[in-house]
1. On alpha-carbon atoms, Rg over Rh for segment 85-219 using Kirkwood Rh?
2. Give the long-range amide H neighbours of Thr120: residues separated by 5 or more places, or on another chain, with amide H under 5 Å away, using H modelled in the peptide plane at 1.01 Å from N.
3. What list do you get for Glu280, Glu25 if you sort them by fewest beta carbons within 10 Å?
4. For segment 14-77, take every pair of Cα atoms, bin their distances at 5 Å starting from 0, and report each bin as a whole percent.
5. By a straight-distance test (C-alpha under 22 Å), which lysines pair with Lys165 as possible cross-link partners, with residues fewer than eight away in the same chain excluded?
6. Calculate the FRET efficiency for Glu272 and Asp72 from the Cβ-Cβ distance with a Förster distance of 30 Å, rounded to the nearest 0.05.
7. Please arrange Phe189, Phe265 by counting, for each residue, the other beta carbons lying within 10 Å of its beta carbon, fewest first.
8. With 10 angstrom as the radius, rank Phe168, Phe94, Phe271, Phe211 by how many other C-beta atoms surround their C-beta, starting from the fewest.
Amino acid sequence: MPQPFLCSPPVQTALDAGRPVVALESTIITHGMPWPQNVEMARGVEGLIRAEGPEPATVAVLDGVLRIGLSDHELLALGQTQGAMKLSRADLPFAMATGRTGSTTVAATMIAAALAGIGTFATGGIGGVHRGAETSFDVSADLDELARTPVTVVCAGAKAILDLKKTFEVLETKGVPVIGYGVDELPSFWSRGSGIPSPLRLDTPEAIADFGRMRDALSLGGGVLVANPLPPELEIDRSTVAGWIEAALADAEGAGTRGKDVTPFLLRRIFELSGGRSLEANIALVRSNARLAARIAVAAAARRE
Ligand code: PSU
Ligand code: MN
């Protein structure tokens, strides 16, 4: 069996030279944001990472090939694709074996990054324990992936549509370190606070790189979650967000939304209810996470030299 993935030429060159690379997910492009803001966001984020030094590597499955790093043309095409699959650990190899096109969630992007030797990954918010999980059992595969795959994931916390307390309890049980970046309270995606204390706190990219090295030295395996609050000028008040979430959850219930469709449905509904404000905040937080991930990747590469 040949190598099951294909790196773009710039990503391959960077990896061969030992230069830093930052992985990016693509579910946010196909299922998390509307066209054309999705492609604008994806291009902007790649540019920000390059400006910090590392090479960006957006991950997706195109016609059955697991691609690590997309050309601008491919990014544009993916952003306009209707009916792309949303791929996690279970269905990534299914899409590859059957020649399908799909975007990768946090879990599947971590798998791809680890395969290619990329240690840092930026996203918006991870999946987690859904509200009502005590009856629906809806818990994102992202949490198990963080427990098993050695990649540092920079996010703005878990999406506030989830049960955040349960989400962070599960991460603690699984031994996933959760680091508040420069803050004592975890962010909740659209807002800087959540009422949940940061289990750990670090204040610089260098300190995060040092922490990663210590984990490597102990052969702990598994990932690290860095929770980076969005810029204060774009955060949305938690009580305002709470109102949109209540309404969106009621609509999802009414529409009988289940499983993989829940997260995209809620994000779309909240976008409508917020008059686009949630999208503006979402783009700002992804950009901020990309910049931080780039700096962590640079610090980690400097420590390997
Ligand atoms: N963050 C966003 N938009 C998204 C997602 C995260 O701002 O669309 C995606 C991520 O890819 C995450 C996925 O892995 O939602 C979680 O989906 P689920 O809850 O079905 O596991
Ligand atoms: Mn789910």
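Quick note: the coordinates plus some simple rules give every number you see, no bench work behind them. The shown structure was predicted, so the numbers you read here are calculated from the model rather than taken from an experiment. Note that each Cβ is placed from the backbone with ideal geometry, even for glycine, and that neighbours are counted across all protein chains shown.
1. Computed over Cα atoms, the ratio is 0.97.
2. Amide H neighbours of Thr120, under 5 Å, 5+ apart: Ala23, Thr152.
3. Fewest-to-most ranking of Glu280, Glu25: Glu280, Glu25.
4. The calculated distribution, bin by bin, is 4, 17, 29, 26, 16, 6, 2, 0.
5. Lys174, Lys260
6. The formula returns an efficiency of 0.55 here.
7. Lowest count first: Phe265, Phe189.
8. Phe94, Phe211, Phe271, Phe168
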